[in-house]
Structure formats: C-alpha cells, structure tokens
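What follows is a short report on a single structure.
Bear in mind these aren't lab numbers, they're just calculated from the coordinates by the rules spelled out. On a predicted model such as this, the values are computed, not experimentally measured, just so you know. A quick note on method: Cβ atoms are made from the backbone with ideal geometry, for glycine too, and the neighbour counts reach across all protein chains shown.
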Amino acid sequence: MRAPISWLKDFVAADVPAQTIAEVLTARGLTVDDIVPQPTPQHIVVGRIEKLERHPNADRLLVGSVDVGREKLQIVTGAANVAAGNKVPIALVGASVFEHGSSDAAAGHGRIKTILKSALRGVESNGMMCSATELALPGEFDDGILIMEDSAPVGEDFWRVARFGDALLDVDVPANRPDCLSIIGLARELAAGLKVAWREPDYPPGIGEAPSPLGVEIADPSVCRRLLGQTFTGLRGGRSPMWMTLRLHAAGVRSLNYLVDVSNFVQIETAQPLHFYDAKLVRGKGIVARAARAGEKVVTLDGVERELLEGTPVIADGEGVVGVAGIFGGVRSAVTEKTTDLFLESPNFVGARIRRASLALGLRTEGAARHEKNLPLELPELGRRAAARLLMQAGGRPSAVVDVGEKPGAPRTISARPARVNALLGSDYTAQQMSAAIAPIGLRSSGGASLKVEIPWWRIDLADETDVVEEVARALGYDGIKERPSVASPQTIDESLFDQESALAQTLATLGYHEVVTLALQGTRVIADWERSGLPFWPKLVGITNPLSDEQRFVRPSLLPGVLTIAARWWKKTPAPLRLFETGHIFRPLDSEKAKCSAGALAPGTAPDGAYSENGVFEWPSLCGVAAFAELEADAAIDRHLLAVKGEVESVITTLAGTPGETTQHPRFYFHPGAAGNVTLEGKVVAKFGRLHPRLARAYELPEASYAFVLYLENLPKTRPVLPLKALPRFPGTKRDLAVVVAENVSAADLMQAARGAGVATFESVSSFDEYRGPQIGAGKKSVALTVSLRKADGTITDAEADAGLRVIIEALREKFGAHLRE
Amino acid sequence: MSDQLQQLENEVIARAAAVTSLDDLEALRTEVLGRKGGRLSLVMAGLAKMPPAERAAFGRLANDAKSRIESALADARSRLENAAVEGSLARTYDVTLTAGPPRTGSVHILRRTLDDVVAFFRSRGFAIVTGPEVETEYYNFEALNIPADHPAREGLDTFYLDPGTLLRAHTSPVQMRTMEAYPPPIAILAPGKCYRRDSLDARHSFQFHQIEGLQVDRGITFGHLKGFVSDLCRHLYGENRRTRFRPSYFPFTEPSAEVDVSCGVCDGNGCRTCGGSGWLEMGGSGMVHPNVLRMAKYDPEIFTGWAFGLGVERIAMVRHGIDDIRLFVENDPAFLEQFA
C-alpha cells in the first residue's frame, strides 16, 4: 500500500520526520519497505496573471505582469496556453525547477535549472510560469503552463495549495489487516504509535429524500452479504481538481475523470471498494448480486471479453452481467466523462468467493485484494458517505439509500486473561497496563482477572484471546519483552535420517568429491540435454500442474542428470580428475517400476527409512556421485578407474554399514553395459555404479572415462552399527599369489567366494588384483590373479602349511569352475 | 700367524678410516668378516693346525683383533652416516613453492551453513528432523491454520502436483508431522528444500532451503523465542550483532514477529547492503498458534511454544556477502572453492 504522508496528516497530527513515521508503523507490524521522497521544488507560489502583452522584440514571447501577493513581477513566457486572469505556479528567482521535457522529472531524476533574474530579448524577467513537468508533477496534466483553480489564493505556497508534498510510504500490510489497506487505518495505527490524537472521519450522511430510481438485490447470499446503493443526479463530471489528481498520483493511481477518481479515492481512504454505474445505462430496476450461470460473459473495463466460470460472483442488471463482483467492472454501464446521473454500489462480498474468482480470472485488482479479506459489514456505509461528500461537491444530488443484506451486529467482546497474556509473552504487565496500551487503537476493556475487550468494528481479524495477546504485545512493543535462554527438555526424537546424510557427505568430501546443489524442479532443458545422447529419459515423471516456466515441469526422477550438467561445466574449468556428488530427494509416480519394487516395504504415513509413498508419489533420499578422468585406463579385461570408483563407493558404504557389501554385475541403461554393477547389503541393493554409457558421456561433453554411482539411502543403515572387536593377529601370516584360468563368465567374486568356502583352517582373506585375456590363455577363457592371505592363530604358519592350504583352495576352484593354474 | 693377524687388522683399520661410501664399507666388511671366505676366517682356519698349547692364546688374540676390526668398521659406518645426515642437512628447500593439489573434496556452502545452524540447535538439545518435499494441502496449509481461500496462501505461492498434493512451500509441515509422532515436550529443527512459484533471478528462486525451529514445552514464552533467536543470530553473525523483532502476521503463530539482524556492513547505520534501514531481514517467527497445537492434539493451556523459520541461502548470503541467490545452484567451481 502506497500511503502519502500528506494524506495521513488529514487524520493524524504527525508533525514528525518521515523516518520517524516509518519507524513507528514498522514497530507496529506495518512494515515500511521504502520511503519515497516527492520532489517538490521550493519557492513556488500561486501567481495571478494580471496583464499579458506581446513581447516587443519577439513574436513567440509574451510579457506578463503577475501578482504574487507581496509584489507584482514582470515575467516573460513562451507559453501559448495562458491568458490574463489565470492563476499559475510561479517559480520565484532562486527557485530550482526541473527542465521542461526532462523525461523522468516525476521520478525526481530530471535535470535541474535555477531561475535567475534575467533579460529575455531585452525585457527583464523576474521568475517563471511553471508547467507540470517543471514541478515534477505527473503526466495527467496538460502540456504547457499549469492552470490552477480560480479559488487558489494568490501568493500562497504552491505545494500547500496543491495539498501535496511530503514523502510516500510503501507499507507492507499483513494479510490479516485489511483495515490498514486504507489511509484511515494506517493513520489510526500511526496516531497510537505517536501517542497523538486521532481524527475520526466526519463524512456527512449525504442522504437525499427522493427514493433511488435504481434498486439493489442480493440473489445469492453466499456471494454477497450486504449491498448499498444510491443514485446521484446532476453531476458535473470532467477532470478532477489538482489536489485529487495529485493525491491519487502519490498513491500510485492515475487520474482519469472525477467520477472514476472518486471511487479510487474512497477505496484508498477508507478501504471500501465502490463501483459506479452510469445510471442511464443500467437496464431494468437496478442491480443484483448473484453467482454467474454457465456460459455467461462480460466485457470488462479493459475491453476484454471474459467468459465466467459458473459460480463467479457477478453484478447483473435487467440485461445481464455488468461486472465481476468486487473485482472488475463491466464496460457496458461504466461511468464516463459525460455521466451526469450515477448509481453507486457499496458492497460487502464473501471473501473466499472473490478470492477464488480473482485467481481463476487472473485479475488481482485492488478491489479484489480488499474484498477477499472479508471486510466488515460496517464499511459499505462509511465508503458510501465518503463518496457522497465528494460527489455532492461535483453537484450531485443524492437520493435515499437502498440497503439490503446483513446488518452489522453489536460490537463483539473477547475475554482475555491477563495471566495468559503474561504466560505467553513472558512479561509481567498488570491488567491496567494492558488496558491502557490497547485503548488508543480502539480496544476498550474492563475487568481484572479476565479483561472484557470490546472489539471495534474495523478489527475483524481479532477473534480470540490470542489475538488480544498479540495486540498487547504490539501496543507495548516487542522490544520490552525480556529475552530468556531456551534449552530443550530431554526428548527421544529420531534424528537418524539427517545424520545419515551428513555422515555420507563428510565421507565423500574426504574422498575428494565436491558437493553440488542443483534444482530439483526440472523441465524441458534437462530432458533435452539428456536425450542428446539418444538414451531415453525416465518415462514416468511427477509433473507440476502450475509451472511458471518450461524449466519447472516436473520434480527430478534421479540426481544423475543434474550432477552431469554441473560435471560438464566443471570438466572444462578444473583439472582432472573430477569428482562431484549431490544428495537430495528424488521422485517417481507410484505406478513406476521403482515404486512398485519398493512399495511392499513401505507402510504409508511413516518413513523410518526416509522413503515416502504417500500423496501418490514415491519420494526417497538419494545420493549420486560422478567421477571423470582424463584417460581411460582400461584394457580388454580391467577398468582401473571403475575399480577405483567402486572402492570409493565401498568406503562410503563402510562408513555406515561397517562392511563394504557384495558386488554383482548389473547393467543399467545409462551405464556402459559391460561396466556396471550393484552393491548389496544383506540382500538389499544399496548402491549401483558403473562407467557412463559412452553416448551419455559424449552428450555431456565428458570424457569416456566418466563414472557414476547412486546410493539407495533408504536401504543403507542410518547410523553405523556398533561392531564387536575381532581378535588381533598375534603371529605373522603369509600371502600367496596365484593366477587361475577359468571360463570368461566366471567372475572374480565367484572365485573369491569359492576360496572363502574351501574350508581351509589357515585361510584369512582373499582379494583379486588382475585379470588377463589373450591368445596365451585361449578363446573364452581368462586368467584371474588372486592373493590369498593365510595365518594361524596359535603360531607362525610354515611354508608347508601355507602350501597345503593353497592346494585345497586350488582344488576347490578346479572342482567348481574347472580352474587350473596359469602356466 | 699373529703377524698375519696384526697385518690384517692394521690394513682393515686403515681402509675403514679411508672408506668414503657405505657400499665400499659393506664390501670391506664382507671381504674381511664374511662367513665363507672372509679373510679373517682364512687366518682363523690356521688355528686348527696349531699345537693345542698355543691355540688358546692365539684364539684370544684373534678375538681381540676381530672386535677391534668390528669396532673400526662400526666407527666408519657412523662416520659415513653422520656425514650423510650432515650433507642432507646442508640443503635448503623453498617451502614457499606452491603446494600440491588438495586431496579432499568439499561440502557445499549451504551444507556448511546448515551444519553451523545445526550445531547451535544441538547445543541446546534440539533434535534434527526431516520430512517429505511432496506434501498434502493439509500439512502445508490446513494444519498450519491456513484454511482454503485464506489470503495468506498468496504469500506461499505453491506448485501443485494435483489438487490436494503440492511441493511444500516451507518446512513447517514437518512441525505437524513431528508433533503427531511425539508427545510434548518437543524441540526440533527441520531443515530441507522448499519450493515457491517464482522466477529465478538474483533475489528470487523457486527452490530454497529452509530451517524451522520449534519448541513446545510447559512455560515457553515469547521471551524464550527472543532469547533463542537472538543467541542464534549472534552465533551465526557475530557477538556484536543486534536482533530486532517486528510485529508481523503468520496464520500459524501469534504473536508473530519478523526477525531482523543489524547490518554488519554499516553496523546498523544504514548503507546500500541493508537498503539504508540498518537492518537485514532474517525470517519469520512467533508463538505457535493454539489452533496448530490443538490440531496436533497438544493442549494449548498446558503447552506453549515458539517457531522460527529462516532461509539457509539467506543466512549464507548475509554471512558471506553473497548478492546473487543463483550462485548456490550454479555450482561454479570458482564459487564453491571459496567456501571449500
């Protein structure tokens, strides 16, 4: 809400600097976001042109004799729109005004010129007649010298006459305070804050004797609660006086004509939205408030024909819809500069209905912004009076008032226990202090142990005791409440989901991975980048129904595309190798494969493992890492980088599980089909890893040696288990390397599993360190190099014992896989 | 025999004193003391042929000679090793040359910031809890005292998946989920991603991270809220920063307060960073609305509480003087490395 301080001063004696006013309002919850100074050049007075003669030496110049009160000035002007008798603003010698035509003078940025005593073509000039732009006034005024009303007092300061000046406040009015979407409401709060008197608006009743020729009716009480109507005849419309134009300009509204300006003026001053009809253009007996029927249309004031959803609140006359109720008027019966007879509508609509219609139509008008907050039933009468006064000033003769619908009830009261107030605030105010504090904003209260608080009609937001608590706090100031230290009571809330993610992130950082954070809301570009590879994007996505842009179409089904996009950017900028990771939730529809696989394990409503399947969406926490290396270090058999990345994945898993898990070969569509695997833990997949599909790597301009892994956090332990100590070795052991030749389809894991299961008492561990394929081995075969560690618990192992153990293992491998030692 | 022995001893002692490398010394040792074919053992081999009466005397002589040889060799070894150490000590290395590349990775500045917040809350006994990002209207709005058609929904402009399902606009839904799961008293911090329909520019993002603190207990007052949040702001921004509580409106708290912290650039005097006001907006807070407590089946006459919500991006921006929120999701290495 833009509030000109000069307007506030109509209701409150606020003779303090703008900064103070802003601080007072802000401290009361009406945050002043900005103080906009109005450029008001000084030493401008009202002058009356007494004589105007041709300049002796210049055809286009005139020489005026101007009465500025204490003297008469000779002023030369080039303006064509002035005549003797006009009253105009005069910049006295020494005044600084804006240069004419200076484009943004109204914003205060124009070029400045200073008026000097001068001679123009030999004739002395002692001042200047000013145009609107020279005074930084808005564009609604005509070009040429500003002609003022005849009633303007000669010699008076121009800005005082214009009732303009002072700064504007940009006030952030909270959603529960529609009363403060008005000058009156803000002035009330300001008066309380400044501890000065507050001037109640004293609009005369403005009611005539003659019945209104047009009536009002509420056909649907679920749309409209009260409807006031009144007819004014004999109006002189035309342009608004300067003060009104300037006030509206300061409040951010463009002046159109007096009648339209009056309705805007009243809305800003009182918060009551009004609608004016040209009475001669209303068909039938008057207007009716009802819900739109299917297929009804209206052409709104902006000239757009709008089809109305069934149920939209509308105002109709005998011929059909004449406006969207409280939101936007129709063009058919609108007032114009020619209107002489006017029908005033001062309504109270049901906020929720206005809000829904306004959102559906995409029309967020000032009227809608007020109506949707459920204005009080008393307000239509206040708004009507404010308008009647201004319409009568333009010659309007008022009819009697027509008034239907609910009537305001008796003032409400709320019981508030001072003890409760103190208990919530941590204060020790007395009941008297509380009463005194809330009185200036109109809350009268009485009583001791329980205060009976009478709620003024404009405070519809106050409904219960807690609201009074807030009023007391606001009135006495939040600053006065003493700070106290706050510590939690003992509790047993499960924090493991958060801890799990933190532990993993720390481990990955230790391993050289840099964490990135990407947008979880994705769109066309993410899909297009991915599909450049020729690989399909995830087919089933969780879509957004109301995106603002193409890049907000769905929530990510995987972290991989986001991390790849960043990896592509880093690869060009940072030295190899590159390691990145991201953690975050990912989303699939409940009918996707992933959700189906997991659905059995999940009880809706609970998420002990961090995965959620409520709301038609499967959502779970994920972690994705990408590693890229300059050169592929892979031959026919071994991909060294793949094993390095696998080792990193195992380190991460060990962080939480205390064990690296089991690896199996497992293809994924986005990995190289021969270089991808799963890691399982107690039968559950906890990670997948692999070399990126070469087409995917190329699509993101990443090297062929690019790898990725994804952790299934929901299957990983949340915190590391407490493991028992295994006895430390007391005697030296020995290691034996052997290379065995087996069929290509036998995996290293198979061989190691067999070695473990061979039943050798001195067996300690086995690992695999190389693989070879080639002509010496033969087609369809490969040689795998294993290291077997052997140790005895009760003495140093001898060569003979080690050899014996190894023979048993080799025999087991031969039996199971037809393995033989490589020559 | 004894002459031979004496000669060998003299020769070895002389050569040991002259030897210049550990390799030569080892060769000398093998030549003289080697088990098979060492010169000393050759001399000793003569012992067998000696008359038994002389053997004992010569044996003593030989052993003495051997130990003098060994000690000469040992002296030579320590002389050479010392010389080597002295030699290496004479070298100077320029430690100001550029170090090798860092071996560790890094966590994102948002996590680093959040960890700092978490450390504070944990020091006060708060539990860290999370929840889903896809939410129901109930948890995002109704349970927070924002019924349908409430104008406050305007400020929480929300992405919908379908009617009734949405992307949470704040982490406040975790409040209700936690209160439903645990009886009072509770004290929690709920961090996580939130989404609001907005464009992406220097000051706005449709995705951000929020933290929400909530404490519900017996006797919790607005004074506790002020104390906790002021302490948090001092923890995050420095001991000399002041905190301001401005009345505000949120349907789920009452009284509600907007929290500002004094501008660190101008110390509250007003500058470009704070738009001249001297204050920087931090987030919203307030006493939990009784309606919210009732919906969680907590008795508002017995339990009261405060809640406080704040953007992690906002904290990081204020702490580090970051003026563009997009930097957090652009992940430019030049940006992230500064906070690694």
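Above 18 Å lies some portion of the pair distances; for the stretch A:412-478, what is it as a whole percent of all C-alpha pairs? Please list the in-between numbers first.
Numbers: 481 of 2211 pairs.
Taking all Cα-Cα pairs of the stretch A:412-478, the fraction more than 18 Å apart is 22 percent.
Using alpha carbons only, how many angstrom separate the centre of the stretch A:612-658 from the centre of the stretch B:214-230?
So the separation of the two Cα centres works out to 44 Å.
For B:T92 and B:Q7, FRET efficiency with R0 = 56 Å and r from the beta-carbon atoms, rounded to 0.05?
After rounding to 0.05, the efficiency reads 0.75.
Note the angle between two axes, namely the Cα long axis of helix A:18-27 and the longest principal axis of the Cα atoms of chain A, as a number of degrees from 0 to 90, rounded to the nearest 10.
Compared with the principal axis, the helix lies near 50 degrees.
Between A:D150 and A:A439, what FRET efficiency comes out of the Förster formula 1/(1 + (r/R0)^6) with R0 = 60 Å and r the beta carbon distance, rounded to 0.05?
Plugging the Cβ-Cβ distance into 1/(1 + (r/R0)^6) gives 0.85.
Which value, in Å³ per residue, describes the convex hull spanned by the Cα atoms of the stretch B:6-126?
In the stretch B:6-126, the Cα hull volume divided by residue count equals 268 Å³.
What is the set of long-range amide H partners of A:R225 at a cut-off below 5 Å, with H atoms built 1.01 Å from backbone N?
A:N348, A:F349, A:V350
More than 32 angstrom separation, counting every C-alpha pair in chain B; what % is that?
Details: 30492 of 57630 pairs.
Looking at chain B, the distances longer than 32 Å represent 53 percent of pairs.
Would you mind checking the tilt of helix A:183-194 against the longest principal axis of the Cα atoms of chain A, expressed as 0 to 90 degrees and rounded to 10?
Helix A:183-194 sits at roughly 80 degrees to that axis.
When the Kirkwood radius is taken over all Cα pairs of the stretch A:734-821, what Stokes-Einstein diffusion coefficient follows at 4 °C and 1.567 mPa s, in µm²/s?
This corresponds to a translational diffusion coefficient of 98 µm²/s.
Under a plain spin-label model, where a point goes 7 Å from the Cα along Cα-to-Cβ, how far apart in nm are B:E239 and A:K572?
Result: 4.8 nm between the two label points.
Test of understanding: given chain B, find the longest segment containing no trypsin sites (Lys or Arg not before Pro) that are in a DSSP loop and have at most 16 other Cβ atoms within 10 Å. Before the final figure, lay out each step's value.
Details: sites that count: B:R35, B:K36, B:R91, B:R103, B:R203, B:R242, B:R272, B:K297, B:R326.
The reported range is B:104-202.
Would you pull out the residues with amide H under 5 Å of A:K113's amide H, same chain only if 5 or more places away, H placed 1.01 Å from N?
Those qualifying (amide H under 5 Å, at least 5 residues apart or on another chain) are A:V97, A:F98, A:E99.
With a cap of 10 neighbouring Cβ atoms within 10 Å, and only residues DSSP puts in a loop, list the GluC sites (Glu not before Pro) found in the stretch A:182-256.
Passing both the DSSP loop test and the Cβ count: A:E209.
Please list, by residue number, everything in the stretch B:146-172 whose backbone N is under 14 Å from a paramagnetic label point 7 Å out along Cα→Cβ of A:D172.
In the stretch B:146-172, the label zone of A:D172 (backbone N under 14 Å from the point 7 Å along Cα→Cβ) covers B:155-156.
Just to be sure I understand the model, the point goes 7 Å from the Cα along the line to the Cβ. What's the resulting A:D33 to A:D591 distance in nm?
Result: 4.3 nm between the two label points.
Could you check the spin-label model distance between B:H320 and B:Q338? Points 7 Å from the Cα along Cα→Cβ, value in nm.
0.7 nm
Which GluC sites (Glu not before Pro) does the stretch A:276-372 hold that lie in a coil by DSSP with at most 12 other beta carbons within 10 Å?
A:E310, A:E319, A:E337
Identify the GluC sites (Glu not before Pro) of the stretch B:224-308 meeting these criteria: DSSP loop state and at most 12 other C-beta atoms within 10 Å of the C-beta. Write down the numbers at each step before the final one.
Working: sites: B:E239, B:E258, B:E281, B:E301; in loops: B:E239, B:E301.
Listed in order of number, the matching sites are B:E239, B:E301.
Just rank A:I112, A:I147, fewest to most, by other beta-carbon atoms within 10 angstrom.
Listing A:I112, A:I147 from fewest to most nearby Cβ atoms yields A:I112, A:I147.
Okay, which of the stretch A:307-329 sit inside 17 Å, backbone N to the point 7 Å along the Cα-Cβ direction of A:K297?
Taking a point 7 Å out along Cα→Cβ of A:K297, the residues of the stretch A:307-329 whose backbone N falls under 17 Å are A:307-310, A:319-324.
Would you calculate, for the protein assembly as shown, the mean residue ellipticity at 222 nm contributed by helices, counting each DSSP H stretch of 4 or more residues as -39,500 (n - 2.57) and dividing by all residues, to the nearest 500?
Working: 32 runs with 350 residues, N = 1163.
Helices in the protein assembly as shown give a 222 nm mean residue ellipticity of -9000 deg cm²/dmol.
Report, in whole Å, the centroid distance computed from the Cα atoms of the stretch A:198-270 and the stretch A:506-548.
55 Å
Where in the stretch B:262-303 is the amide nitrogen less than 15 Å from a point lying 7 Å along the Cα-to-Cβ axis of B:R218?
B:299-303
Report the calculated FRET efficiency for A:E801 and A:L643 (r = Cβ-Cβ distance, R0 = 45 Å), to the nearest 0.05.
Between A:E801 and A:L643 the formula returns 0.90.
Using only the Cα atoms, what convex hull volume per residue in Å³ does the protein assembly as shown have?
Convex hull of Cα atoms, per residue: 289 Å³.
Below 8 Å, C-alpha to C-alpha, sequence gap of six or more: please give me the relative contact order for the stretch A:44-162 in percent.
30 percent
Over chain A, calculate the relative contact order: mean separation of alpha carbon pairs under 8 Å at least 6 apart, over the residue count, as a percent.
So the answer I get is 8 percent.
Working from Cα positions, state the angle (0 to 90°, nearest 10) between the long axis of helix A:640-657 and the longest principal axis of chain A.
In chain A, helix A:640-657 runs at an angle near 70 degrees to the longest axis.
Suppose the chain between A:T719 and A:S489 were pulled fully straight at 0.36 nm per residue; how much longer would it get relative to their current alpha carbon spacing?
80.4 nm
What residues have an amide H closer than 5 Å to that of B:T253, excluding those fewer than 5 places away on the same chain, when H is modeled at 1.01 Å from N in the peptide plane?
B:H289
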